[in-house]
Amino acid sequence: MQVIRNIEKIDYPNPVITIGNFDGVHMGHQKIFDFVKRKAKEIKGTSVVITFNPHPIKVLYKEHPLKLITTNEDKIKLIEKCGIDITICIPFTLEFAQIEAEDFIKNILVEKFHVKWIVVGYDYRFGKARKGDKELLKKLSEKYGFRVTVLKAYRKKGKILSSTAVRNALFEGNIKEANQFLGRAYHIDGEVIKGMGRGSSILGYPTANFVPKQEIVPKIGVYAVKVTTPDLKTYRGVANIGKNPTFGDIDMSYEVHILNFRENLLGKTLRIHFIDRIRDEKKFNSPEELKGNIAKDIEEAKRIFKKDRTKLFLDF
């Protein structure tokens, strides 16, 4: 897949273009990409995804608490895995946000990209003040000679598949639902840092403490996870997200115990894939009681892994 990171003329046959932020590249996005690829094949054309970086909300509404599911780097890699020919990642600025909807279509999609077909979701809006919508697209398609398809909302488990639905599931700790919406395990990348040393010395379960790279961390609690190391080997584990209330800590910590693993990971980057939630974090009466409960968590994680068929995203 070719990645273009600015607005420049493209010279590819019959571009079929979809436009959006595509945060998470969830199953709904994947269905849009599949449609784009089918239409490109039908007209002997090129499948094109246009997306933006940073996310427009982060530029236009800096006080907005939006947290993104994927980094821009992961988003591009995930789009590539979907089999798209070209991704155009437009730098989103305040200046770009002032482009009127019709000017965006005429000056960029028609004159620079030579669009033959535009495919968008049911709620897509574009241009200055988000004035562009599906009605305007259909009107302009007649004026400039391209085709338009507006796809209906995709649903799973009775819910509309959207980035917001994925975020909400993660915030609620509903990992199984988030993963079903994504079509893969949600992951966090984190560099391993030096911890308090309690895992090995007090509890007998060494842990790797890490600093999350992604903006969304699932709800505080204990999780069954799979951990991919820089050499692309994947291991089973149990992760804890929280404040270690048994020890009276006040700061958030992120740590993972990797089953049957003893190597030194300090300074290395791990990918932690969340498979399912085991329980809430809780305060135990003593380290010994906590140690006994960790053993139970590990057994529960093993039961989860026996049933698990979740796909993992291994591209660092």
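Looking at the stretch 278-293, which of its residues are surrounded by fewer than 19 Cβ atoms within 10 Å (Cβ to Cβ) and either closer than 26 Å to Gln214 by Cβ or not charged (D, E, K, R) (or both)? First the steps, then the outcome.
So the first thing to find is which residues in the stretch 278-293 are surrounded by fewer than 19 Cβ atoms within 10 Å (Cβ to Cβ), and the list is 279-289, 291-293.
Those that are surrounded by fewer than 19 Cβ atoms within 10 Å (Cβ to Cβ) and either closer than 26 Å to Gln214 by Cβ or not charged (D, E, K, R) (or both): Arg279, Asp280, Glu281, Lys282, Phe284, Asn285, Ser286, Pro287, Gly292, Asn293.
Go through the stretch 204-248 and give me each residue that's over 19 Å from Lys283 (Cα atoms) and among the aromatic types (Phe, Trp, Tyr).
Of everything in the stretch 204-248, those that are over 19 Å from Lys283 (Cα atoms) and among the aromatic types (Phe, Trp, Tyr) turn out to be Phe210, Tyr235.
Only residues that are part of a helix (DSSP H, G or I) and touching a strand residue (DSSP E or B) at 6+ places or on another chain (Cβ under 6 Å): list them for the stretch 121-144, please. Break it down into steps so the answer makes sense when it comes.
Taking the stretch 121-144 first, the residues part of a helix (DSSP H, G or I) are 128-130, 134-144.
Lys134, Leu137, Lys138, Ser141, listed by residue number.
With the stretch 145-244 as the region, which strands (runs of 3 or more DSSP E) entirely inside it contain at least 3 residues that are within 18 Å of the chain's Cα centre (by Cα), in the same structural domain as Glu255 (by TED's automatic domain parsing) and over 30 Å from Lys106 (Cα atoms)?
On the way: elements: 147-151, 186-193, 208-212, 221-228, 234-242.
In the stretch 145-244, 186-193, 221-228 are the strands (runs of 3 or more DSSP E) which contain 3 or more residues that are within 18 Å of the chain's Cα centre (by Cα), in the same structural domain as Glu255 (by TED's automatic domain parsing) and over 30 Å from Lys106 (Cα atoms).
Go through the stretch 1-115 and tell me which helices (runs of 4 or more DSSP H), entirely inside it, have 1 or more residues that are touching a Pro at 6+ places or on another chain (Cβ under 6 Å), hydrophobic (A, V, I, L, M, F, W, C) and at pLDDT 95 or above. Spell out how you get there, then give the answer.
Working: elements: 27-42, 56-60, 72-81.
Because the criterion is at least 1 residues that are touching a Pro at 6+ places or on another chain (Cβ under 6 Å), hydrophobic (A, V, I, L, M, F, W, C) and at pLDDT 95 or above, no helices (runs of 4 or more DSSP H) in the stretch 1-115 meet it.
Out of the residues in the stretch 246-263 that are more than 19 Å from Tyr223 (Cβ to Cβ) and either touching an Asp or Glu at 6+ places or on another chain (Cβ under 9 Å) or hydrophobic (A, V, I, L, M, F, W, C) (or both), state the one that is modelled with the lowest pLDDT.
Ile250
The values are calculated or read from the model by the stated rules, or taken from the named source; none is laboratory data. Small disclaimer: the values here were computed from a predicted structure and weren't measured. Cβ: placed from backbone, ideal geometry, glycine included. Neighbour counts: every protein chain shown.
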